[in-house]
C-alpha cells in the first residue's frame with residue numbers, strides 16, 4: 001500500500017507541474033488565440049470652400065455711364081445721372097399719388113436749391129455737381 005500512496009503522490013505532483021509550466025513550442029501546445037486590435041483613424045479634414053461675398057450696392061443698378069432715366073433715390077448729377085432737363089408724367093401707378101423732386105447742393109447750410117411736390121406732371125433742370133432727389137415718380141431726360 002505504501003507503493004500505491006507514493007505513486008498517487010508522484011502522479012499528482014507531475015500533474016501540478018505540467019499545469020503551471022507551459023510546454024515548449026511545437027510540443028503539442030494549444031494554438032494561440034488571435035489578439036483583437038482596434039485602430040481608430042482620424043478623419044481627413046473637410047475641404048475649405050470659399051464663397052465670395054456679394055457686392056455692396058445702394059439698391060439701384062450701377063451704371064457705367066450716367067443714366068438719363070431714374071426713379072426713387074438720390075443721385076449725383078454728372079456721375080449717377082446726366083445733367084440736363086428732366087420730365088415726369090406724374091406719380092407712379094400704385095404709389096401714394098404724389099411726385100417729389102429736389103435739386104440739392106453738395107455742401108452748404110441750406111442744401112435745397114429747388115423742389116416740388118405735385119400730383120401731376122413735373123419738370124426740372126439738373127446741373128452737374130448738384131444732387132437730385134426723387135420720390136414717387138420716374139423722370140426721363142429730354
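No lab work stands behind these numbers, since they all come straight from the coordinates. Remember, predicted model here, so these are calculated numbers, not experimental data. In this analysis, Cβ positions are derived from the backbone assuming ideal geometry, glycine residues included, and neighbour counts consider all displayed protein chains.
Does the range 107-123 contain at least one residue that is surrounded by fewer than 14 Cβ atoms within 10 Å (Cβ to Cβ), touching a strand residue (DSSP E or B) at 6+ places or on another chain (Cβ under 7 Å) and under 17 Å from residue 79 (Cβ atoms)? No, every residue in the range 107-123 fails to be surrounded by fewer than 14 Cβ atoms within 10 Å (Cβ to Cβ), touching a strand residue (DSSP E or B) at 6+ places or on another chain (Cβ under 7 Å) and under 17 Å from residue 79 (Cβ atoms). Look at the range 74-88: where a residue is touching a residue at least 40 places away in the same chain (Cβ under 8 Å) and at positive phi and a partner is crowded, with 16+ Cβ neighbours inside 10 Å and assigned to a strand (DSSP E or B), sitting 6+ places away or on another chain with Cβ atoms under 9 Å, you get 78/126; 84/77; 84/126; 84/141.
Within the range 124-142, being on the phi > 0 side of the Ramachandran plot and touching a strand residue (DSSP E or B) at 6+ places or on another chain (Cβ under 6 Å) holds for one residue alone: 136. Residues that are surrounded by fewer than 18 Cβ atoms within 10 Å (Cβ to Cβ), assigned to a strand (DSSP E or B) and within 38 Å of the chain's Cα centre (by Cα) within the range 124-139 comprise just one, 133.
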